[in-house]
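The values are calculated or read from the model by the stated rules, or taken from the named source; none is laboratory data. Because the structure is predicted, anything quoted here is derived from the model rather than measured. FYI the Cβ positions are ideal-geometry reconstructions off the backbone, even for glycines, and counts take in every protein chain you see.
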Amino acid sequence: MSQSELHVIFGTGPLGKWTARELVKMGKTVRMINRSGKADRLPAGVEVIASDAYDAAKNIEVTKGAHAIYQCAQPHYYEWAEKFPPLQKAIMDAAIANQAKFIVGDNLYMYGHFTGSLREDAPVAPNTRKGKVRAAMAQAVLDAHAAGKVRAAIGRASDFFGPDDTSLTGYAIQPALEGKTVNLMGSTSQLHTFTYIADFGRLLATLGTRDDALGQVWFAPSNPPLTQAEFVKLIEAELGRPIKSMVGGPLMMRFLGLFNKDIAETVEMMFEWTNPYVIDTSKAEKAFGLKATPLKQAIQETLDWCKENVKR
């Protein structure tokens with residue numbers, strides 16, 4: 001592949017940034033799109049352009065000549081039903097127009113409340129409003145690929161943590177470093193698969209550079225599942241001291257949701273945290289030789305990043 005091969009990423013959140021870092025390691029030219037045209041902690045040479053991703057015409061313009069386009073952008077959690085489908089369609093339209101690969105960063109909501117160990121080919125059976133949105137969006141991508149309109153692949157991951165993440169990392173890890181109470185959800189005794197965000201970015205970069213990945217869904221490599229209580233113990237081991245934790249159940253989250261629209265949207269997804277949530281990520285690991293970052297290393301790197309972002 002040429003040094004000048006252009007890869008364009010929509011969204012400069014944690015997934016977009018880690019996808020960009022991996023592509024730069026591969027020697028690719030990377031352009032990122034967001035509203036402000038600004039983003040920090042990116043490798044030298046990464047171009048960041050301000051643009052409106054809802055505008056298909058602008059998307060076509062900023063992705064001209066792209067080898068692959070990555071969809072890592074999303075609206076506010078509480079705006080998914082209204083704004084997420086048109087956002088993704090406007091980005092996919094650019095991939096179609098410019099004959100670029102289309103790589104989508106996705107989650108697992110469309111599988112609904114499953115039992116056992118989840119695999120990519122499990123039935124799509126959303127049991128929530130946001131799950132139905134995600135299912136329809138993913139099907140639109142797969143249908144476009146099957147129809148020959150675009151060459152696409154979808155990467156999915158379980159709940160992720162790591163540097164640049166302000167969601168799970170922000171409420172369940174960062175407070176521990178500050179001597180505050182970490183916030184957990186549902187049950188602390190149920191097994192849960194956690195994905196390190198760097199491994200998710202590595203998966204998307206791989207999908208965008210491997211033709212044999214196209215037309216399929218892939219789960220990001222992840223460590224074996226563990227309980228939230230065990231996760232907290234690992235953080236304590238790295239910090240060398242006990243940390244305080246608080247568990248928010250459905251009733252508490254519903255109450256807090258009265259004052260915070262993002263928290264309100266978590267209520268329908270609480271089944272992920274009150275039941276086992278175990279993901280089988282062996283497909284991508286076997287196909288591409290990818291491995292999850294060892295959990296101890298992932299937590300160390302996350303805490304190092306948190307130290308740089310401690311509120312003073």
message: I need a count of the residues in the stretch 100-150 that are more than 26 Å from Y78 (Cα to Cα), touching a Gly at 6+ places or on another chain (Cβ under 8 Å) and charged (D, E, K, R).
response: 1
message: Which numbered condition in (1) over 21 Å from S245 (Cβ atoms); (2) buried (at least 19 other Cβ atoms within 10 Å of the Cβ); (3) hydrophobic (A, V, I, L, M, F, W, C) is the only one that A146 fails?
response: (2)
- request: Look at I33 and say whether it is buried (at least 19 other Cβ atoms within 10 Å of the Cβ), under 21 Å from H145 (Cβ atoms) and under 18 Å from the mean Cα position of the chain (by Cα).
  value: no
- request: Report whether or not R254 is charged (D, E, K, R) and under 21 Å from G186 (Cβ atoms).
  value: yes
message: List the residue pairs whose Cβ atoms are under 7 Å apart, where the first residue sits in the stretch 70-94 and is surrounded by fewer than 18 Cβ atoms within 10 Å (Cβ to Cβ), the second is not in a helix (DSSP H, G or I), and the two are 6 or more positions apart or on different chains.
response: K83/P75; P86/Y54
query: Of the conditions (1) surrounded by fewer than 24 Cβ atoms within 10 Å (Cβ to Cβ); (2) touching a residue at least 24 places away in the same chain (Cβ under 8 Å); (3) within 26 Å of Y77 (Cβ to Cβ), I49 fails just one. Which one is it?
result: (2)
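Residues are listed down the side, and each one gets a yes or a no for (1) outside the structural domain of L234 (by TED's automatic domain parsing); (2) small (G, A, S); (3) at pLDDT 95 or above:
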site: E120; (1), (2), (3): yes, no, yes
site: P126; (1), (2), (3): yes, no, yes
site: A135; (1), (2), (3): yes, yes, yes
site: Q139; (1), (2), (3): yes, no, yes
site: A144; (1), (2), (3): yes, yes, yes
site: A147; (1), (2), (3): yes, yes, yes
site: R156; (1), (2), (3): yes, no, yes
site: G179; (1), (2), (3): no, yes, no
- prompt: Only one of (1) assigned to a helix (DSSP H, G or I); (2) under 27 Å from Q228 (Cβ atoms); (3) charged (D, E, K, R) is not met by E120, so which one is it?
  reply: (1)
- prompt: Within the stretch 269-294, how many residues turn out to be farther than 20 Å from I197 by Cβ, touching a residue at least 24 places away in the same chain (Cβ under 8 Å), exposed (fewer than 15 other Cβ atoms within 10 Å of the Cβ) and not small (G, A, S)?
  reply: 1
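Every residue, every condition in (1) touching a Phe, Trp or Tyr at 6+ places or on another chain (Cβ under 9 Å); (2) at pLDDT 90 or above; (3) more than 30 Å from Q216 (Cα to Cα); (4) of a type in the set (A, V, I, L, M, F, W, C), yes or no:
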| site | (1), (2), (3), (4) |
| --- | --- |
| K233 | no, yes, yes, no |
| K244 | no, yes, yes, no |
| G257 | no, no, yes, no |
| T266 | yes, no, no, no |
| Y277 | yes, yes, no, no |
| A287 | yes, yes, no, yes |
| C306 | no, yes, yes, yes |
message: All but one of (1) aliphatic (A, V, I, L, M); (2) more than 19 Å from the chain's Cα centre (by Cα); (3) at pLDDT 95 or above hold for I299; state the number of the condition that does not hold.
response: (2)
- request: Given the conditions (1) under 26 Å from I9 (Cα atoms); (2) of a type in the set (A, V, I, L, M, F, W, C); (3) not in a helix (DSSP H, G or I), report the number of the one that A298 does not fulfil.
  value: (3)
message: Looking at K17, K28, K38, can you tell me which residue is within 21 Å of M92 (Cβ to Cβ) and assigned by TED's automatic domain parsing to the domain that holds K83?
response: K28
query: Within the set of pairs 6 or more residues apart or between chains, which connect a residue that is within 18 Å of H192 (Cα to Cα) inside the stretch 112-140 to a residue that is among the small types (G, A, S) with Cβ atoms less than 7 Å apart?
result: G112/A125; G112/G131; F114/A122
statement: Every listed condition ((1) surrounded by fewer than 17 Cβ atoms within 10 Å (Cβ to Cβ); (2) touching a residue at least 40 places away in the same chain (Cβ under 8 Å); (3) under 25 Å from K132 (Cα atoms)) holds for R41 save (3)
Out of I33, I60, sole residue that is within 30 Å of K261 (Cβ to Cβ) and of a type in the set (V, I, T): I33
